[in-house]
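Accompanying notes for the structure given below.
The values are calculated or read from the model by the stated rules, or taken from the named source; none is laboratory data. All of these numbers come straight from a predicted model, not from anything done at the bench. All Cβ positions, glycine included, derive from the backbone under ideal geometry; neighbour counts span all protein chains shown.
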């Protein structure tokens with residue numbers, strides 16, 4: 001629990017809500033974009049007011065969800081070979097599994113909205129650090145992060161839409177292989193070093 005959340009909680013009966021329980025309840029929604037705070041409170045079996053002790057509005061709800069999801073994603077990515085390509089592969093698959101477990105979440109992230117900069121910055125910082133350790137310049141690591149996050153979130157949002165329509169999703173492994181062969185970014189015309 002973050003200090004900010006702990007400060008908002010008032011003394012009284014023991015909490016029946018936790019960050020993980022909130023994310024679990026959100027994952028049961030048909031679409032996170034249309035989930036109301038009242039519906040979420042009902043899913044959690046608590047009063048509307050009890051939920052507002054944790055999150056004051058939908059923006060804070062998405063911030064909390066993003067914090068938990070990114071924390072889980074980074075834990076999965078860090079469990080294995082630290083070489084940047086292997087690490088980015090684990091990160092992308094963790095994003096795939098984590099984002100698609102929350103119906104509508106990737107679609108929400110792909111649209112302009114007020115988002116949790118802290119969570120996105122944690123992901124970006126981790127990607128930049130992995131690329132910098134492999135010798136990529138700070139500038140190209142930054143561009144690579146933007147390419148990576150835009151492509152992965154866009155692909156996942158498109159996949160959500162296809163699944164919602166009952167269509168088959170394109171293969172993530174093919175998409176990811178193609179994306180990673182192009183990363184890290186380099187100046188146009190520069191020769192890519194042999195793998």
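Suppose the filter is surrounded by fewer than 18 Cβ atoms within 10 Å (Cβ to Cβ) and either modelled with pLDDT of 90 or more or touching a strand residue (DSSP E or B) at 6+ places or on another chain (Cβ under 7 Å) (or both); does residue 1 pass it? No.
For every residue, the table says whether it meets (1) without any contact (Cβ under 8 Å) to a residue 40 or more places away in the chain; (2) within 30 Å of residue 176 (Cα to Cα); (3) in contact with a helix residue (DSSP H, G or I) (Cβ under 9 Å, 6 or more places away or on another chain).
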| position | (1), (2), (3) |
| --- | --- |
| 47 | yes, no, yes |
| 52 | yes, no, yes |
| 61 | yes, yes, yes |
| 92 | no, yes, yes |
| 99 | no, yes, yes |
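Per-residue answers, yes or no, for (1) under 30 Å from residue 135 (Cβ atoms); (2) part of a helix (DSSP H, G or I); (3) modelled with pLDDT of 90 or more:
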residue	(1), (2), (3)
6	no, yes, no
14	no, no, no
41	no, yes, yes
68	no, yes, yes
73	yes, yes, yes
86	yes, yes, yes
107	no, yes, yes
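If only residues of the range 23-39 that are part of a helix (DSSP H, G or I) and within 21 Å of the chain's Cα centre (by Cα) are counted, the one that is farthest from residue 101 (Cα to Cα) is 37. Out of 83, 139, one residue alone is more than 14 Å from the chain's Cα centre (by Cα), more than 24 Å from residue 20 (Cα to Cα), touching a residue at least 24 places away in the same chain (Cβ under 8 Å) and loosely packed, with under 13 Cβ neighbours inside 10 Å. It is 83.
One line per residue, one yes/no per condition, for (1) at pLDDT below 95; (2) surrounded by 19 or more Cβ atoms within 10 Å (Cβ to Cβ):
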| site | (1), (2) |
| --- | --- |
| 95 | no, yes |
| 147 | no, no |
| 168 | yes, no |
| 188 | yes, no |
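Could you list, in sequence order, all residues of the range 16-39 that are surrounded by 18 or more Cβ atoms within 10 Å (Cβ to Cβ) and either out of contact with any helix residue (DSSP H, G or I) (no Cβ under 6 Å at 6 or more places or on another chain) or in contact (Cβ under 8 Å) with a residue 24 or more places away in the chain (or both)? Scanning the range 16-39 gives 17, 22, 23, 26, 29, 32, 35. Please work out if residue 157 is over 18 Å from residue 77 (Cβ atoms), at pLDDT below 90 and either in a helix (DSSP H, G or I) or in contact with a helix residue (DSSP H, G or I) (Cβ under 6 Å, 6 or more places away or on another chain) (or both). Considered against the rule, which asks whether it is over 18 Å from residue 77 (Cβ atoms), at pLDDT below 90 and either in a helix (DSSP H, G or I) or in contact with a helix residue (DSSP H, G or I) (Cβ under 6 Å, 6 or more places away or on another chain) (or both), residue 157 comes out as no.
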